[in-house]
Amino acid sequence: MDVISYLKGYFMALLHAFGVIFCSAVYPSSWFSWRPTSMAKLAQAERKILQAFLRKTTYDTKYVTLPNTHHRLWTLTVDHKDNEVNNKKVPLVMVHGMGGGIGLWAQNLGPLSENRPLYAFDVLGFGRSSRPQFSSKPEKTEQQFVESIEEWRKEMDIKEMILLGHSLGAYISGAYSLKYPDRVKHLVLVDAWGFPEKPPEDQQRPIPMWIKVIATIIKPFNPLAVLRVAGPFGPGLVRRFRPDLQDKFADTLDDDTIFDYIYHCNAQSPSGETAFKNLNTSFGWAKNPMIHRLPDLKKEVPVTLVYGSKSWVDSNTGYHIKYLRNESFVEVAVVRGAGHHVYADKPNPFNKLIQRVCEAVDNNTNPKPLKFRESFKASSDSSTHMSKTISESKSSKNLVTEETLDDEEIETVPAQVL
C-alpha cells in the first residue's frame, strides 16, 4: 500500500465517520453499541494466537502492577525453572511497536525462548495494559514510557536484559537504554521509528498539494481513529487496508484472528496512540529524533540495528549511527524480503539473527561477523547502489550477508500505520 492510497482511504473513512457522529447525535442510544469491541474480545483473540503458535512452549501471562503509578502491564513470561543453566541466562525482553501487542511476536516467542528466559509485555497505553492519560509534552511522554519499563523491570526482578524493540518500541528502548544503560547487555533496534531527523523542505520528496490538504484535515485525529469511529465497519477496514497482516501468519492461522487482534488492540481507548501522536510531527517524523541522542549511549552497550529490505524505514540511519558510535560495537543487518514487520515477514532469518546476539551475550562477547556471500556484482563504473542484506542459505542453516540491488520494491506505508 502506498501513501496516496492510504490517505485516500483514510479521508473516505473520516467522511463516513462524520456521518456516524451525526447519526449518533440523532440516535444517542446507538452510540454505546457502535464499536464491536471489548477487552474480553481482545483477550480471546490473543489467547487464540498464543495457543496456536506456542503449543510446545510453556508460558505464563499476568498483569504486573507498577507501584508508583498503579498502572498494569500485561506480561508474557517464558522461564526455565526446570533448567537452572538456561534460567540463569540473561533474559530477552521484547517491546512491540505502535498499535501492537504481545500477540504479534507469536512466531518469535517459541524459538527465542528455547534457551533463555523471555519476557514480552503490552506497552503502556496499548494492548491489554493500562491506558492512562499521557502528557502532551513529548519529553514527558517519553519519560512515562521509560519509567514504566523501569518499574516493570524492578517488579520482575530482572537485573540485566537483552532489550529488543520494534518501531515505536525501538524508540522507547533507545530512550530507556540512554537513561538506564547498566540494565542493558545488548540493545536490538528493529526497523526503528523516530531515529532520523526530518530533512529540510528542499531535500524531501515532492508531496502533491492534495495530499498536504488531506494530511492537514486528518492532523487533529489520532492515527488510527478511523477504526474506532467506523464502528462495525472497523474490522473490515483492517482487512481492506492491511490484508498483508494475515499473510504473515497464514501458515498457522487461516482465519481472521490476526485481523480481530489488531482491531481490538486499537479500537479501545487510544491512550498510547495519543502518546505516539504527541511524539511526532507531520508525516511521522519524531519531534526529538534519536539519531542526535543515541551516540551518547554508554559505549560499553553493544547495539544491533535490524531492518527489512522492503521497509519504508531507511536503513542508512543505522549506518549513520554506526559511524557516530565508532568506538562501540554497532552492527547493521538488513533482512532480505522483509518489510517493516521484519519479525513476522521473515521470522526464521530474524529469529536466527536474534539468537546469534543472545549467544554472544552468553559468551560475554559481541556477535561474530556474519558470513558473507556476494550475490550480485556491479562494475566499477556502475551507478547502481547495492546494500548488504540478510537471508538464509539454502545449503545450510546459517545466515548469510548478501549484496542485493536496492531497486527492490519498497513499502511506502506512512509511519503511523501498523
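Cross-link pairs exceeding 20 Å between alpha carbons, from the set Lys159/Lys368; Lys248/Lys352; Lys185/Lys299: Lys159/Lys368. Evaluating 6.51 cos²θ - 1.76 cosθ + 1.60 at θ = phi - 60° for every residue in region 291-300, the Karplus couplings come out as 4, 7, 10, 4, x, 7, 4, 3, 5, 6 Hz, glycine and proline recorded as x.
With every protein chain kept in place and ligands, DNA and RNA left out, what is the accessible area per residue of region 22-158? Probe 1.4 Å, answer in Å². Before the final figure, lay out the partial values.
Details: 6670 Å² over 137 residues.
Value for region 22-158: 49 Å² per residue.
PRE reach from Lys298 (point 7 Å along Cα→Cβ): which of region 158-178 fall under 14 Å by backbone N? What the label zone holds, given the 14 Å backbone N cut-off, is 159-163, 176-178.
Can you tell me how much longer the chain between Ser269 and Thr281 gets when fully stretched, taken as 0.36 nm per residue apart minus their C-alpha distance, in nm with one decimal? Don't skip to the end; give the middle numbers.
On the way: separation 12, 0.36 × 12 = 4.32 nm, distance 2.16 nm.
My answer for the length gained is 2.2 nm.
When all alpha carbon pairs of region 265-332 are counted in 10 Å bins from zero, the resulting P(r) reads 18, 36, 33, 12, 1 %. The peptide list 331-344, 48-61, put in order of mean Cβ contacts within 10 Å with the highest first, becomes 331-344, 48-61.
Set the Förster distance to 30 Å, then compute FRET efficiency between Tyr323 and Glu150 from the Cβ-Cβ distance, nearest 0.05. FRET efficiency, Tyr323 to Glu150: 0.50.
Starting from the Cα-Cα distance between Lys137 and Lys41, subtract it from 0.36 nm times their residue separation and give me the gain in nm to one decimal. Could you put the intermediate results ahead of the total?
Values: separation 96, 0.36 × 96 = 34.56 nm, distance 3.24 nm.
Fully extending the segment from Lys137 to Lys41 adds 31.3 nm.
Can you give the FRET efficiency to the nearest 0.05 for Asn363 and Lys159, using r as the Cβ-Cβ distance and R₀ = 22 Å?
Efficiency at R0 = 22 Å is approximately 0.75.
Of all accessible surface on region 223-278 at a 1.4 Å probe, what whole percent is carbon and sulfur? Carbon and sulfur together cover 51 percent of it. Listed peptides 284-296, 99-111 appear in the order 99-111, 284-296 once ranked by packing, highest mean of other Cβ atoms within 10 Å at the front.
The values are calculated or read from the model by the stated rules, or taken from the named source; none is laboratory data. Here the structure is a predicted model, which means the values were calculated and not measured. Cβ coordinates were reconstructed from backbone atoms using ideal geometry, including for glycine residues, and neighbour counts include every protein chain displayed. Ligands, DNA and RNA are excluded from the accessible area calculation, which covers all protein heavy atoms including side chains. Shrake-Rupley method; radii C 1.70, N 1.55, O 1.52, S 1.80 Å.
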